[in-house]
Amino acid sequence: MSVSGSETDSVASRRSKKPKYSKFTQQELPACKPLLTPGIVIGAFSLIGIVFVPIGLASLSASQDIVELIDRYDAECVSANDKVGFIQDTKTDKACTRKITVPKPMKGPIHIYYQLENFYQNHRRYVKSRNDEQLRMKESASLITNCEPEATSQDGAPIVPCGLIAWSLFNDTYSFSLNKKAVEVNKKNIAWDSDKSTKFGSDVFPSNFQKGGLIGGAKLNEKLPLSQQEDLIVWMRTAALPTFRKLYGRIETDIMASDEITVVIQNNYNTYSFGGTKALVLSTTSWIGGRNNFIGVAYVAIGGICLLLAMGFVVLYVLKPRTLGDPSYLSWNKENPDNPN
């Protein structure tokens, strides 16, 4: 039986593993391929330096203008030798009065933070110990997946909100007076709007929360939906590092230099059992947020390095100039790459 030539060619083409030629497979699609001449390199480094250094200096200046007061109180607010026993005793008065003298004028709003150290909110089991669907929807109140060991109450009813994150809610409280006059703390809008509107339901109310044998932290108002429990929302945005700050509220009035702030602290939160620390932070803000020298230092350092490199390339180009190659010999500038001649 004879086989025609066309059929033979068809079979051979199907068996051939040679890839078909295309501009895509050969990486010859149109693209920006700049030539890094000395002028372009020196100009690029100079431009980065000229832009970055002023931004860094402005950031450092704004950061230095921020007034920040930090008062660590975990050790001074416990008089007993057995700190863990003291903090776990529900009958002990844990009120603690601290006095802070303001060194510089503080323009409102003044942000109030609590700062914790050696608290690993980023632990895998801790981060997973929540049920986001339960937090969002009333119909999902019985969903307690991933919430163990704080999933159900002693009688088996589901806890809302469940999980270790909510259970360990920070419960120290602060009241302020300025020159012996009470100062109101504004606790509204301390949480992200996106969290309040999308992550916590307006029809989900706390139930069976902190009613077990071991109380972890603060209790919640069962008459308010989770979307309005801003202290909880702030706490449940877990921190990435073991030392972190979370917003407690704001003081809307200005405070002058040498004014004395009296803070009455209810020292309830147990950081003593795991060697953690607690601090109260009062801070003003600027256009870069709170005090943070890292951004300014980083910009100045990168800009300075780029300027030094630009000057180094200028000196090198002047002392030892090199003749540039002919760009027409580059493969993408040739009309026929398969036949360079």
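For Val204, state whether it is under 30 Å from Gln154 (Cα atoms) and either hydrophobic (A, V, I, L, M, F, W, C) or part of a loop (DSSP other than H, G, I, E, B) (or both). Here the answer is yes, as Val204 does meet what is asked.
Out of the residues in the stretch 1-56 that are more than 30 Å from Val315 (Cα to Cα) and aliphatic (A, V, I, L, M), state the one that is modelled with the highest pLDDT.
Start the filter on the stretch 1-56 by keeping residues that are more than 30 Å from Val315 (Cα to Cα), which leaves 1-31.
This time we only want the ones that are aliphatic (A, V, I, L, M), so: 1, 3, 11-12, 29, 31.
On the way: Met1: 47, Val3: 50, Val11: 54, Ala12: 53, Leu29: 80, Ala31: 77.
For the stretch 1-56, the residue satisfying everything is Leu29.
So which residues in the stretch 267-304 are closer than 18 Å to Arg245 by Cβ and among the small types (Gly, Ala, Ser), if there are any at all? Within the stretch 267-304, Gly276, Ala279, Ser283, Ser286, Gly289, Gly290 meet the criteria.
Of the helices (runs of 4 or more DSSP H) entirely within the stretch 67-170, those holding at least 3 residues that are assigned by the TED database to the domain that holds Thr253 and over 20 Å from the mean Cα position of the chain (by Cα) occupy 83-88, 132-136. Applying a threshold of 8 Å to beta carbon distances and a minimum spacing of six or more residues, or different chains, the list of pairs starting in the stretch 172-184 at a residue that is farther than 28 Å from Leu232 by Cα and in contact (Cβ under 8 Å) with a residue 24 or more places away in the chain and ending at one that is of a type in the set (D, E, K, R) and in a strand (DSSP E or B) reads Asn179/Glu260.
Of note, Leu226 satisfies the criterion of being surrounded by 18 or more Cβ atoms within 10 Å (Cβ to Cβ) and in contact with a Phe, Trp or Tyr (Cβ under 7 Å, 6 or more places away or on another chain). When restricted to residues that are open to solvent by 80 Å² or more (accessible area, probe 1.4 Å), in a helix (DSSP H, G or I) and either of a type in the set (D, E, K, R) or closer than 25 Å to Asp326 by Cβ (or both), the stretch 28-56 contains 1. Within the stretch 117-134, if we keep just the residues that are under 10 Å from Thr145 (Cα atoms) and among the basic types (Lys, Arg), the residue that is surrounded by the fewest Cβ atoms within 10 Å (Cβ to Cβ) turns out to be Lys128. Of the numbered criteria (1) over 27 Å from the mean Cα position of the chain (by Cα); (2) over 19 Å from Ser129 (Cα atoms), the one Gln210 fails is (2). Test Ser202 against the stated conditions and say whether it is surrounded by fewer than 17 Cβ atoms within 10 Å (Cβ to Cβ), touching a Pro at 6+ places or on another chain (Cβ under 7 Å) and in the same structural domain as Ile110 (by the TED database). Criteria met by Ser202.
The values are calculated or read from the model by the stated rules, or taken from the named source; none is laboratory data. Please read all numbers here as calculations on a predicted model, not as lab measurements. Don't worry about glycine lacking a Cβ; one is built from the backbone with ideal geometry, like all the others, and counts go over all protein chains shown. Each accessible area value is taken on the protein alone, full model and side chains, heavy atoms only, with ligands, DNA and RNA left out. Shrake-Rupley method; radii C 1.70, N 1.55, O 1.52, S 1.80 Å.
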